[in-house]
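Enquirer: Input: one structure, supplied below.
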Amino acid sequence: MPNLIIRPDWHLPESRVTQVSAYRNRRKFLRELGLAGGGLLAASGPLERDALAADAKKFYPAKRNIAFSPDLPLSKEKIFTTYNNFYEFSTDKEAVVDRVDKFVIAPWPVKIHGLCEKPLTLDAQELAAEFGLEERVYRFRCVEAWSAVVPWTGFELRKLLAKVQPKAEAKFVKFVTANRPDQMPGINRLRGYPWPYTEGLRIEEALHPLTMLVTGVYGKPLPKQNGAPIRLVVPWKYGYKSGKSLVEIELTDKQPKTLWETLSPEEYPFESNVDPAVPHARWSQATERVVDTGDRIRTLPLNGYAAQVGGLYKK
Ligand code: MTE
C-alpha cells in the first residue's frame with residue numbers, strides 16, 4: 001500500500017468539501033484580476049489551438065440523442081467546468097482549471113490493445129470522424145455526494161470495441177490515463193500515488209450502450225480540466241470510474257487494479273455502482289448535493305439507471 005502523503009478530498013466528510021458559493025466568489029475575483037485560467041482554448045501553442053478550433057467547428061454541437069437524454073434541468077456549464085476532480089493537476093477542485101495550461105492535448109494517440117483481433121492506435125482527433133458524435137444528457141454522481149446533470153458529447157464505447165474485435169478471453173477493460181509530471185503539476189505532489197490513474201470495467205459493462213467515450217461537453221470539445229481530449233463516462237457508477245484524458249484502453253482477462261482501489265480497497269472497490277443503501281466508510285450515500293443549486297436530493301439506485309443496467313447485476 002503506497003504512502004498516503006496528501007489525503008484526497010474524498011477523505012473529508014461531505015459537509016467539509018468546499019461549498020460552491022465560496023469557490024465561485026473566489027473565481028469571480030480571480031477573473032476580474034484576469035488570473036483565472038481558461039478552459040478549452042487555453043492551449044499550449046498555436047498548432048494545438050488551431051487543431052482544436054478546427055475540430056470544434058466541424059463536429060460541435062452534435063445532435064442530441066433524445067432516447068438517452070431525460071428531460072432534466074442541466075447543471076450550469078460554468079460550474080461543472082470549474083469544479084473538478086483531477087488529481088494530476090490539483091486536489092483543490094477550484095484550482096484545477098488554473099493549472100491545465102501546459103497540458104498538451106493534440107496530437108493525442110490512444111492505443112486500444114490487449115486481447116483483441118485488431119489492435120489499433122487512433123488519434124483523439126480522428127475519433128469524431130470515425131465513430132460520429134452525439135449528445136446525451138446524463139446524471140453524474142461523485143462519491144463525495146455531489147451531483148450534476150451533464151450534456152456530454154461522444155459515442156458508445158462498444159463501437160470502438162467492435163472495431164478492435166475483443167477475443168472471447170477478454171473479460172475486463174482497463175483504462176489508462178495520461179501520466180505527464182512535466183505538464184500535470186499534481187503528480188509530483190502526490191508521489192505515493194500509484195500513477196497513472198487507472199480504471200476498469202467488466203466487459204459487459206464496457207459494452208453497455210450507456211457507457212460512453214466522451215470528447216465534448218455543453219456542445220463544445222471537452223475543456224482540459226474535464227478530461228480532454230477523451231474520457232470515459234459511466235453514468236451509473238461513481239464519478240471516479242470515469243477516467244479522464246485516456247491514453248490506453250486494454251482488453252484483458254484479469255480484473256485491473258485501479259488507482260483508488262489500490263489506495264483504499266474498502267472505500268473504492270472495483271465495481272463502485274451508485275448505491276444509496278451502501279454508505280461510504282465515512283459518510284452516507286443516501287442523498288446528494290446538486291452542484292450548482294445546492295439542493296439536497298435523494299440518490300437513486302444505480303444513479304437512476306436501474307431499468308437500463310440492473311440486469312447486469314442480477315445474482
Ligand atoms: N480521471 C483522472 N485521470 N484523474 C482524476 O483525478 N477524478 C475522477 C474522475 N476521473 C479523476 C479522473 C473523479 S473523483 C470524478 S468525480 C470525476 O473525474 C470528475 O469529473 P469532472 O471534473 O469532469 O466533474
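Enquirer: Quick one: Cα centre-to-centre distance for the range 245-315 and the range 82-141, in angstrom?
Expert: A separation of 20 Å, based on Cα centres.
Enquirer: Sticking with this one: To the nearest 20 debye, what is the magnitude of the charge dipole of the range 208-315 about its Cα centre, counting +1 on the Cβ of each Lys and Arg and -1 on the Cβ of each Asp and Glu?
Expert: My answer is approximately 200 debye.
Enquirer: Filter the cross-link list Lys163/Lys220; Lys118/Lys167; Lys102/Lys244; Lys78/Lys224; Lys167/Lys244; Lys174/Lys241 down to pairs whose alpha-carbon distance in this structure exceeds 21 Å.
Expert: On the way: Lys163/Lys220 26 Å; Lys118/Lys167 10 Å; Lys102/Lys244 16 Å; Lys78/Lys224 14 Å; Lys167/Lys244 26 Å; Lys174/Lys241 11 Å.
Listed pairs above 21 Å: Lys163/Lys220; Lys167/Lys244.
Coordinate-derived values only; no laboratory data. In this text the structure is predicted, and so the values were computed from the model without any measurement. Positions of Cβ are generated from backbone atoms using ideal geometry, with glycine treated the same way; all protein chains shown enter the neighbour counts.
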